[in-house]
Amino acid sequence: MNGVSFGLKTTQVNVDYADLVRVWREADEVPVLADAWLWDHLVPIIGPPTTPGHEGWTLLAALAAQTSRIRLGHLVTSNRFRSPALLAKMAATVDIVSGGRLVLGLGVGATDAHGEGQEFAAREHAAYGLPLVPPAEGRAALAEACTIVRRLWSEPPFDFDGEHYRLRGAVCEPKPVQRPGPPLLLGAWGPRSLRVVAEHADVWNVPGPPHFDLALLRERTALLDRYCAEIGRDPASIARSVQLIVEYDQPAAARATVEELIEAGFGHIVLSVRPPLRDGVAHWLADEIIGRVVS
(Lines give C-alpha, C1' and ligand atoms only; values in the text may rest on other atoms or scores of the structure.)
Protein backbone atom coordinates (compact mmCIF):
# COMPACT_ATOMS: atom_id res chain seq x y z
CA MET A 1 0.00 0.00 0.00
CA ASN A 2 2.98 2.28 -0.39
CA GLY A 3 2.11 5.48 -2.19
CA VAL A 4 -1.59 5.48 -1.33
CA SER A 5 -2.87 8.88 -0.22
CA PHE A 6 -6.10 9.89 1.47
CA GLY A 7 -8.35 12.92 1.45
CA LEU A 8 -11.42 14.22 3.29
CA LYS A 9 -14.57 15.49 1.60
CA THR A 10 -17.08 17.65 3.46
CA THR A 11 -20.40 18.13 1.71
CA GLN A 12 -21.34 21.74 2.47
CA VAL A 13 -25.09 21.22 2.88
CA ASN A 14 -27.00 22.00 6.06
CA VAL A 15 -23.76 22.78 7.86
CA ASP A 16 -22.48 26.01 9.37
CA TYR A 17 -19.36 27.72 8.05
CA ALA A 18 -17.86 27.54 11.54
CA ASP A 19 -18.16 23.74 11.52
CA LEU A 20 -16.45 23.54 8.14
CA VAL A 21 -13.60 25.72 9.38
CA ARG A 22 -13.26 23.51 12.45
CA VAL A 23 -13.06 20.29 10.43
CA TRP A 24 -10.70 21.68 7.78
CA ARG A 25 -8.36 23.13 10.39
CA GLU A 26 -8.35 19.76 12.12
CA ALA A 27 -7.63 17.98 8.84
CA ASP A 28 -4.78 20.41 8.23
CA GLU A 29 -3.14 19.01 11.38
CA VAL A 30 -3.61 15.31 10.48
CA PRO A 31 -0.60 14.23 8.40
CA VAL A 32 -2.25 11.19 6.80
CA LEU A 33 -4.88 13.44 5.20
CA ALA A 34 -3.26 14.86 2.07
CA ASP A 35 -6.18 16.95 0.85
CA ALA A 36 -9.68 18.24 1.54
CA TRP A 37 -12.58 18.69 -0.86
CA LEU A 38 -15.95 20.33 -1.34
CA TRP A 39 -18.59 19.66 -3.96
CA ASP A 40 -20.00 22.08 -6.54
CA HIS A 41 -23.80 22.20 -6.51
CA LEU A 42 -26.01 25.26 -6.62
CA VAL A 43 -29.07 23.39 -5.37
CA PRO A 44 -28.45 20.76 -2.67
CA ILE A 45 -28.82 17.18 -3.80
CA ILE A 46 -29.42 16.22 -0.15
CA GLY A 47 -32.85 17.17 1.16
CA PRO A 48 -35.36 19.61 -0.36
CA PRO A 49 -34.18 22.41 -2.69
CA THR A 50 -34.46 24.95 0.14
CA THR A 51 -31.89 23.10 2.28
CA PRO A 52 -29.03 25.56 3.00
CA GLY A 53 -25.92 24.91 0.92
CA HIS A 54 -22.83 27.10 0.51
CA GLU A 55 -21.47 28.00 -2.94
CA GLY A 56 -18.33 26.02 -3.61
CA TRP A 57 -15.72 28.43 -4.94
CA THR A 58 -16.28 31.30 -2.51
CA LEU A 59 -16.23 28.75 0.29
CA LEU A 60 -13.03 27.15 -1.00
CA ALA A 61 -11.26 30.51 -1.04
CA ALA A 62 -12.28 31.09 2.57
CA LEU A 63 -11.12 27.64 3.67
CA ALA A 64 -7.86 28.06 1.77
CA ALA A 65 -7.15 31.08 3.96
CA GLN A 66 -7.95 29.04 7.08
CA THR A 67 -5.48 26.23 6.33
CA SER A 68 -1.79 25.98 5.51
CA ARG A 69 -0.83 22.40 4.54
CA ILE A 70 -3.55 20.33 2.90
CA ARG A 71 -4.15 20.49 -0.82
CA LEU A 72 -7.72 21.44 -1.68
CA GLY A 73 -10.34 21.54 -4.40
CA HIS A 74 -13.77 20.39 -5.55
CA LEU A 75 -15.02 16.95 -6.54
CA VAL A 76 -15.86 18.29 -8.99
CA THR A 77 -16.57 21.72 -10.48
CA SER A 78 -19.25 21.70 -13.15
CA ASN A 79 -18.07 23.03 -16.49
CA ARG A 80 -21.65 24.21 -17.09
CA PHE A 81 -21.72 26.72 -14.21
CA ARG A 82 -18.85 29.06 -15.16
CA SER A 83 -17.04 29.89 -18.36
CA PRO A 84 -13.59 28.26 -18.49
CA ALA A 85 -11.81 31.61 -18.73
CA LEU A 86 -13.59 32.87 -15.61
CA LEU A 87 -12.89 29.56 -13.86
CA ALA A 88 -9.19 29.80 -14.71
CA LYS A 89 -9.09 33.28 -13.17
CA MET A 90 -10.89 32.11 -10.03
CA ALA A 91 -8.64 29.08 -9.71
CA ALA A 92 -5.50 31.18 -10.07
CA THR A 93 -6.69 33.42 -7.26
CA VAL A 94 -7.46 30.47 -4.95
CA ASP A 95 -4.06 28.97 -5.75
CA ILE A 96 -2.45 32.24 -4.67
CA VAL A 97 -4.57 32.46 -1.51
CA SER A 98 -3.61 28.88 -0.61
CA GLY A 99 0.07 29.33 -1.36
CA GLY A 100 0.00 26.85 -4.24
CA ARG A 101 -2.22 24.07 -2.85
CA LEU A 102 -5.11 23.99 -5.34
CA VAL A 103 -6.11 20.97 -7.39
CA LEU A 104 -8.66 21.99 -10.03
CA GLY A 105 -11.36 19.35 -10.10
CA LEU A 106 -13.53 19.69 -13.21
CA GLY A 107 -16.24 17.65 -14.89
CA VAL A 108 -18.64 17.71 -17.81
CA GLY A 109 -21.48 18.74 -15.53
CA ALA A 110 -24.94 17.27 -15.34
CA THR A 111 -25.01 15.92 -18.88
CA ASP A 112 -23.69 12.57 -17.62
CA ALA A 113 -26.55 12.21 -15.12
CA HIS A 114 -29.23 9.56 -15.61
CA GLY A 115 -32.69 8.84 -14.19
CA GLU A 116 -33.37 10.75 -10.98
CA GLY A 117 -29.97 12.44 -11.36
CA GLN A 118 -31.09 13.98 -14.64
CA GLU A 119 -34.28 15.23 -13.02
CA PHE A 120 -32.23 16.89 -10.28
CA ALA A 121 -29.89 18.40 -12.88
CA ALA A 122 -32.81 19.91 -14.78
CA ARG A 123 -34.13 21.47 -11.57
CA GLU A 124 -30.73 22.82 -10.56
CA HIS A 125 -30.00 24.37 -13.94
CA ALA A 126 -33.49 25.85 -14.28
CA ALA A 127 -33.17 27.45 -10.84
CA TYR A 128 -30.12 29.41 -12.02
CA GLY A 129 -31.07 29.96 -15.66
CA LEU A 130 -28.37 27.63 -16.96
CA PRO A 131 -28.97 25.51 -20.07
CA LEU A 132 -28.51 21.76 -20.05
CA VAL A 133 -26.75 20.48 -23.15
CA PRO A 134 -26.57 17.05 -24.77
CA PRO A 135 -23.79 14.77 -23.48
CA ALA A 136 -21.70 14.99 -26.66
CA GLU A 137 -21.73 18.79 -26.50
CA GLY A 138 -20.83 18.72 -22.82
CA ARG A 139 -17.84 16.45 -23.41
CA ALA A 140 -16.53 18.54 -26.31
CA ALA A 141 -16.93 21.72 -24.27
CA LEU A 142 -15.01 20.14 -21.37
CA ALA A 143 -12.10 19.27 -23.65
CA GLU A 144 -11.95 22.87 -24.89
CA ALA A 145 -12.22 24.14 -21.33
CA CYS A 146 -9.19 22.10 -20.27
CA THR A 147 -7.16 23.64 -23.08
CA ILE A 148 -8.31 27.17 -22.25
CA VAL A 149 -7.58 26.84 -18.54
CA ARG A 150 -4.08 25.49 -19.04
CA ARG A 151 -3.22 28.16 -21.61
CA LEU A 152 -4.51 30.98 -19.41
CA TRP A 153 -2.35 29.74 -16.53
CA SER A 154 0.84 29.63 -18.57
CA GLU A 155 0.66 31.91 -21.64
CA PRO A 156 0.48 35.62 -22.46
CA PRO A 157 -2.83 36.94 -23.86
CA PHE A 158 -4.19 34.86 -26.73
CA ASP A 159 -7.22 34.38 -28.95
CA PHE A 160 -9.19 31.14 -28.98
CA ASP A 161 -11.64 29.96 -31.62
CA GLY A 162 -13.33 26.72 -30.66
CA GLU A 163 -16.67 25.14 -31.38
CA HIS A 164 -17.96 26.04 -27.91
CA TYR A 165 -15.84 28.98 -26.73
CA ARG A 166 -14.50 32.07 -28.47
CA LEU A 167 -12.05 34.37 -26.68
CA ARG A 168 -10.28 37.55 -27.71
CA GLY A 169 -7.23 38.70 -25.80
CA ALA A 170 -7.77 36.07 -23.10
CA VAL A 171 -5.60 36.92 -20.12
CA CYS A 172 -5.06 35.64 -16.58
CA GLU A 173 -2.84 37.74 -14.34
CA PRO A 174 -1.49 37.05 -11.84
CA LYS A 175 -0.70 33.48 -12.75
CA PRO A 176 -1.12 30.66 -10.22
CA VAL A 177 1.67 29.95 -7.74
CA GLN A 178 2.05 26.45 -9.18
CA ARG A 179 3.72 26.43 -12.57
CA PRO A 180 2.67 25.75 -15.24
CA GLY A 181 -0.51 25.51 -13.15
CA PRO A 182 -2.38 23.45 -10.55
CA PRO A 183 -2.96 19.77 -11.27
CA LEU A 184 -6.09 19.14 -13.34
CA LEU A 185 -8.38 16.48 -11.89
CA LEU A 186 -11.22 15.34 -14.12
CA GLY A 187 -14.24 13.58 -12.69
CA ALA A 188 -15.81 11.13 -15.15
CA TRP A 189 -17.23 7.64 -15.44
CA GLY A 190 -18.87 7.43 -18.85
CA PRO A 191 -16.86 5.63 -21.55
CA ARG A 192 -16.83 8.65 -23.88
CA SER A 193 -15.93 11.08 -21.08
CA LEU A 194 -12.92 8.92 -20.24
CA ARG A 195 -11.43 9.88 -23.61
CA VAL A 196 -11.28 13.47 -22.39
CA VAL A 197 -9.61 12.22 -19.20
CA ALA A 198 -6.97 10.38 -21.23
CA GLU A 199 -6.21 13.50 -23.23
CA HIS A 200 -6.19 16.15 -20.50
CA ALA A 201 -6.16 14.90 -16.90
CA ASP A 202 -3.38 14.71 -14.34
CA VAL A 203 -5.79 12.91 -11.99
CA TRP A 204 -8.92 10.87 -12.71
CA ASN A 205 -11.63 10.78 -10.03
CA VAL A 206 -14.71 8.57 -9.93
CA PRO A 207 -17.40 7.86 -7.33
CA GLY A 208 -16.89 4.50 -5.65
CA PRO A 209 -19.33 2.31 -3.74
CA PRO A 210 -22.24 2.62 -3.23
CA HIS A 211 -22.52 4.65 -6.47
CA PHE A 212 -20.39 2.30 -8.61
CA ASP A 213 -19.26 -1.18 -7.68
CA LEU A 214 -15.76 -2.60 -7.93
CA ALA A 215 -16.49 -4.47 -11.17
CA LEU A 216 -17.47 -1.27 -12.97
CA LEU A 217 -14.49 0.63 -11.55
CA ARG A 218 -12.07 -2.06 -12.78
CA GLU A 219 -13.73 -1.98 -16.20
CA ARG A 220 -13.40 1.81 -16.42
CA THR A 221 -9.78 1.68 -15.26
CA ALA A 222 -8.95 -0.76 -18.04
CA LEU A 223 -10.79 1.42 -20.55
CA LEU A 224 -8.81 4.48 -19.51
CA ASP A 225 -5.59 2.50 -19.94
CA ARG A 226 -6.70 1.56 -23.45
CA TYR A 227 -7.51 5.15 -24.39
CA CYS A 228 -4.11 6.27 -23.12
CA ALA A 229 -2.42 3.61 -25.24
CA GLU A 230 -4.34 4.76 -28.31
CA ILE A 231 -2.99 8.32 -28.00
CA GLY A 232 0.51 7.29 -26.90
CA ARG A 233 0.18 8.41 -23.29
CA ASP A 234 1.60 6.47 -20.35
CA PRO A 235 -1.44 5.40 -18.26
CA ALA A 236 0.68 5.73 -15.13
CA SER A 237 0.89 9.49 -15.74
CA ILE A 238 -2.76 9.78 -14.65
CA ALA A 239 -3.28 9.28 -10.93
CA ARG A 240 -6.39 7.23 -10.04
CA SER A 241 -8.66 8.76 -7.40
CA VAL A 242 -11.94 7.48 -5.97
CA GLN A 243 -14.57 8.76 -3.54
CA LEU A 244 -16.09 6.67 -0.76
CA ILE A 245 -18.94 7.76 1.51
CA VAL A 246 -18.11 6.79 5.08
CA GLU A 247 -20.84 6.09 7.62
CA TYR A 248 -19.84 6.86 11.19
CA ASP A 249 -21.39 3.65 12.52
CA GLN A 250 -19.79 1.39 9.90
CA PRO A 251 -15.99 1.86 10.07
CA ALA A 252 -15.28 -1.83 9.44
CA ALA A 253 -17.25 -1.74 6.18
CA ALA A 254 -15.37 1.38 5.10
CA ARG A 255 -12.01 -0.25 5.85
CA ALA A 256 -12.91 -3.30 3.80
CA THR A 257 -13.97 -1.18 0.84
CA VAL A 258 -10.82 0.94 1.04
CA GLU A 259 -8.71 -2.22 0.85
CA GLU A 260 -10.66 -3.37 -2.21
CA LEU A 261 -10.24 0.00 -3.92
CA ILE A 262 -6.50 -0.04 -3.34
CA GLU A 263 -6.31 -3.58 -4.70
CA ALA A 264 -8.21 -2.34 -7.78
CA GLY A 265 -5.45 0.18 -8.48
CA PHE A 266 -6.72 3.40 -6.91
CA GLY A 267 -3.88 5.28 -5.26
CA HIS A 268 -5.93 8.16 -3.88
CA ILE A 269 -8.96 7.55 -1.66
CA VAL A 270 -11.25 10.42 -0.68
CA LEU A 271 -13.32 9.67 2.42
CA SER A 272 -16.56 11.62 2.22
CA VAL A 273 -18.44 12.48 5.43
CA ARG A 274 -21.94 13.88 5.49
CA PRO A 275 -23.33 16.45 7.91
CA PRO A 276 -23.61 16.80 10.81
CA LEU A 277 -19.81 16.93 11.05
CA ARG A 278 -18.96 15.27 14.33
CA ASP A 279 -16.24 16.61 16.61
CA GLY A 280 -12.84 15.13 15.83
CA VAL A 281 -13.95 13.61 12.52
CA ALA A 282 -10.56 14.09 10.82
CA HIS A 283 -8.78 12.29 13.65
CA TRP A 284 -11.48 9.61 13.63
CA LEU A 285 -10.90 8.93 9.93
CA ALA A 286 -7.15 8.79 10.53
CA ASP A 287 -7.46 6.40 13.46
CA GLU A 288 -10.43 4.20 12.54
CA ILE A 289 -10.12 3.99 8.75
CA ILE A 290 -6.71 5.01 7.40
CA GLY A 291 -4.52 3.87 10.27
CA ARG A 292 -6.05 0.42 10.40
CA VAL A 293 -5.73 -0.08 6.65
CA VAL A 294 -2.17 1.10 6.07
CA SER A 295 -0.62 -0.05 9.37
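The values are calculated or read from the model by the stated rules, or taken from the named source; none is laboratory data. The model shown is predicted, which means the values in this text are computed figures rather than measured ones. Quick reminder, even Gly has a Cβ in these numbers, built from the backbone with ideal geometry, and neighbours come from all protein chains shown. SASA here: full protein model, heavy atoms, side chains in, ligands and nucleic acids out. Shrake-Rupley method; radii C 1.70, N 1.55, O 1.52, S 1.80 Å.
Round to a whole angstrom and tell me the spacing of the C-alpha centers of the stretch 112-182 and the stretch 48-67. Taking the Cα centre of the stretch 48-67 as reference, the centre of the stretch 112-182 is 20 Å away. Here r is the Cβ-Cβ distance between SER154 and TYR17 and R0 is 45 Å; the resulting FRET efficiency, rounded to 0.05, is 0.85.
Each 10 Å bin from zero holds the following percent of Cα-Cα pairs in the stretch 256-295: 25, 53, 21, 1. With the simple spin-label model, which puts each label point 7 Å out from Cα in the Cβ direction, the ARG69 to HIS164 separation comes to 3.8 nm. Counting only Cβ charges, +1 for Lys and Arg and -1 for Asp and Glu, the dipole size of the chain around its Cα centre is about 580 debye.
Looking at the chain, the accessible area is 43 square angstrom per residue; that uses a 1.4 Å probe and ignores ligands, DNA and RNA. When the chain is treated as a GNM with alpha-carbon contacts under 10 Å, the residue of GLU124, GLU163, GLU144 showing the greatest mean-square fluctuation is GLU163. Of all accessible surface on the stretch 139-265 at a 1.4 Å probe, what whole percent is carbon and sulfur? Within the stretch 139-265, the accessible surface is 52 percent carbon and sulfur.
Largest first, how would LEU106, LEU132 line up by accessible area (1.4 Å probe)? Could the numbers behind the result be given before it?
On the way: LEU106 0, LEU132 65 Å².
Ranked from most to least accessible, the order is LEU132, LEU106.
So what's Rg/Rh here for the stretch 116-247, counting alpha carbon atoms and using the Kirkwood radius for Rh? Taking Rg over the Kirkwood Rh, I get 1.00.
Counting Lys and Arg as +1 and Asp and Glu as -1 over every other residue whose Cβ lies under 13 Å from the Cβ of LEU75, the net charge comes to 0. For the pair GLU288 and GLU29, the difference between a 0.36 nm per residue extended length and the Cα-Cα distance amounts to 91.6 nm.
Could you work out which residue, out of THR93, THR11, THR58, moves most in a Gaussian network model of the chain, that is, has the largest mean-square fluctuation with Cα springs under 10 Å? The residue that fluctuates most here is THR58. Using the Cβ of ALA92 as centre and a radius below 15 Å, the other residues enclosed give a net charge of +4, where K and R count +1 and D and E count -1. Our Cα-only numbers for the stretch 177-295 put the radius of gyration and Dmax at 15.6, 48 Å. The amide H of SER272, built 1.01 Å from its N in the peptide plane, has LYS9, LEU244, ILE245, VAL246 as neighbours under 5 Å, considering only residues 5 or more places off or on other chains. Charged side chains reduced to their Cβ positions (Lys and Arg at +1, Asp and Glu at -1) give the stretch 100-211 a dipole of some 320 debye around its Cα centre.
Using C-alpha pairs below 8 Å separated by at least 6 residues, the relative contact order for the chain is 21 percent. Once both labels are positioned 7 Å from their Cα atoms along Cα-to-Cβ, the gap between THR50 and LEU214 label points is 4.4 nm.
Dipole orientation for the chain: of the candidates VAL4, ILE289, ILE245, VAL4 has the Cα lying most toward the positive pole (charges on Cβ; Lys, Arg +1; Asp, Glu -1). According to the square roots a ≥ b ≥ c of the eigenvalues of the Cα gyration tensor, what is the shape class of the stretch 8-105, taking rounded for a/c under 1.5, prolate for a/b larger than b/c otherwise, and oblate for the remainder? Judged from the Cα gyration tensor, the stretch 8-105 comes out oblate (a/c at least 1.5, b/c at or above a/b).
For ARG226 and ARG179 in one chain, what is 0.36 nm times their gap in residues minus the Cα-Cα distance, to one decimal in nm? Numbers along the way, then the final one.
Values: separation 47, 0.36 × 47 = 16.92 nm, distance 2.91 nm.
The span from ARG226 to ARG179 would gain 14.0 nm if fully extended.
Tell me whether the stretch 50-161 comes out rounded, prolate or oblate; compute the Cα gyration tensor, take square roots of the eigenvalues as a ≥ b ≥ c, and use a/c under 1.5 as the rounded threshold. Oblate shape, in that a/c is at least 1.5 and b/c is the bigger or equal ratio. Each Lys or Arg adds one and each Asp or Glu subtracts one; over the other residues with Cβ under 10 Å from the Cβ of LEU152, this totals +2.
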